[in-house]
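The values are calculated or read from the model by the stated rules, or taken from the named source; none is laboratory data. What you are looking at is a predicted structure, and each value in this text was computed from that prediction instead of being measured. Every residue, glycine as well, gets a Cβ built from its backbone with ideal geometry; the counts of neighbours run over all protein chains shown. Heads up: the accessible areas ignore ligands, DNA and RNA and are worked out on the full protein's heavy atoms, side chains in. Shrake-Rupley method; radii C 1.70, N 1.55, O 1.52, S 1.80 Å.
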Amino acid sequence: MKPDPTSAPETVRGQRADAQPVAAPLTRAAIFLVATVNPGGNRAVLRSFCGDLAALVRAVEFRDLEGDLSCVMGFGSDAWERLFGAPLPAELRVFREIRAGGRHAVSTPGDLLFHIRAKRMDLCFELATQIMARLGNEVSPVDEVHGFRYFDDRDLLGFVDGTENPRGKAAIDAVMVGEEDAAFAGGSYVIVQKYLHDLNAWNALSTEAQERIIGRTKLSDIELDDSIKPTSAHSALTTIVEDGKEIKILRDNMPFGRAGHGEFGTYFIGYSRSPRTIEQMLENMFVGRPRGNYDRLLDFSRAVTGNMFFAPSATFLEAVGDDQPVADAAPLAVDPAAADGSPSARRRGDGSLAIGSLKGDIPHE
């Protein structure tokens, strides 16, 4: 994906905000690393790391320039306040858990997210190692998932995942904050959840029953006709339409698992211009649309983590690393050319589940 860089408006200072590579091409391997900032953590060290991240990526990337290595760094609301102060991105908040019947979208600790992608797992692993060595005792890892691309982009349930991802300029429009929050233009909201699957129960279903739950055919990945597809189908409940227009998000979900432990899962990661889109999807899934018409996939899949982060622009991270006041780095217009993680952009040095302090529990039923 190589969106037109001239599509981004310039500010009066003529500067552009280079996005992190949130819309980088899908890769064969990924590491999702979530950490918390330790009590008493050195704010100056953490801010300095923000500016050093791009150099770390370049150093590891140089060992295989064809490996498509990229990394997106995101911050939870508590960490943002601690490291950068006010103002916060307009919609950044702690992930709000949802309870409905026996279904539970949990909210779990997480201050920092590193979404590391490459064609090879060794590149991902080396970068994760360097990141943790650099951060040292300032943070504690709370979750680390090594994801892999499974055959023809399928999840462990056997269905193709991410078919409806937007592409090109549509992807940039879907994920990049713009003039609605100009101080943070070029950033993106990120919601992550780790789902564990009961594959024995799932595989006991007929293929036709599975297809009705997902809303697509298993072999050919064709969406079921509305006359056949239940309104509780996963694809139906995760379609969000406003004013007659479908609102897209960008997913880069990955299967993961430990066969010897009977652990099989999907790591959901969704990027969006506004977190409200993904929150509405989760509301539809867990509570139902209408209430009670919930996603039957949740009878077989259980969320064990849940976090919201904001991934600021690479320009923002560089300014923080240079110890400039954050306000001096904003507002900036977004240059989406870097968002696709293209090697040319990175070498310049510019920065589905077949989907804290504030406890925003949403009670249902």
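Here are some notes:
- Flag for residue 214 being within 23 Å of the chain's Cα centre (by Cα), closer than 23 Å to residue 289 by Cβ and at pLDDT 95 or above: yes
- Counting only strands (runs of 3 or more DSSP E) that fall entirely inside region 249-323 and contain at least 1 residues that are surrounded by fewer than 24 Cβ atoms within 10 Å (Cβ to Cβ), the qualifying elements are 254-258, 263-272, 301-303.
- When region 182-226 is filtered for residues that are under 21 Å from residue 249 (Cα atoms) and of a type in the set (Gly, Ala, Ser), the ones remaining, listed by number, are 182, 185, 186, 187, 188, 215.
- Test: residue in region 192-212 that is touching a helix residue (DSSP H, G or I) at 6+ places or on another chain (Cβ under 8 Å), β-branched (Val, Ile, Thr) and closer than 27 Å to residue 32 by Cα: no
- One residue stands out in region 20-79 among those that are among the charged types (D, E, K, R) and either open to solvent by less than 30 Å² (accessible area, probe 1.4 Å) or in a loop (DSSP other than H, G, I, E, B) (or both): the one that is nearest to residue 265 (Cα to Cα), namely 28.
- Here residue 238 clears all of (1) under 24 Å from residue 292 (Cβ atoms); (2) surrounded by fewer than 22 Cβ atoms within 10 Å (Cβ to Cβ); (3) among the hydroxyl-bearing types (Ser, Thr, Tyr) except the condition numbered (2).
- Contact map, region 123-145: residues that are closer than 23 Å to residue 257 by Cβ paired with residues that are open to solvent by 70 Å² or more (accessible area, probe 1.4 Å) and outside any strand (DSSP E or B), Cβ distance under 8 Å, separation 6+ or inter-chain. Pairs shown: 123/63; 126/63; 142/109.
- For residue 145, the stated conditions hold: it is surrounded by fewer than 21 Cβ atoms within 10 Å (Cβ to Cβ) and among the aliphatic types (A, V, I, L, M).
- The single residue among 186, 162 that is on the phi > 0 side of the Ramachandran plot and open to solvent by 20 Å² or more (accessible area, probe 1.4 Å) turns out to be 162.
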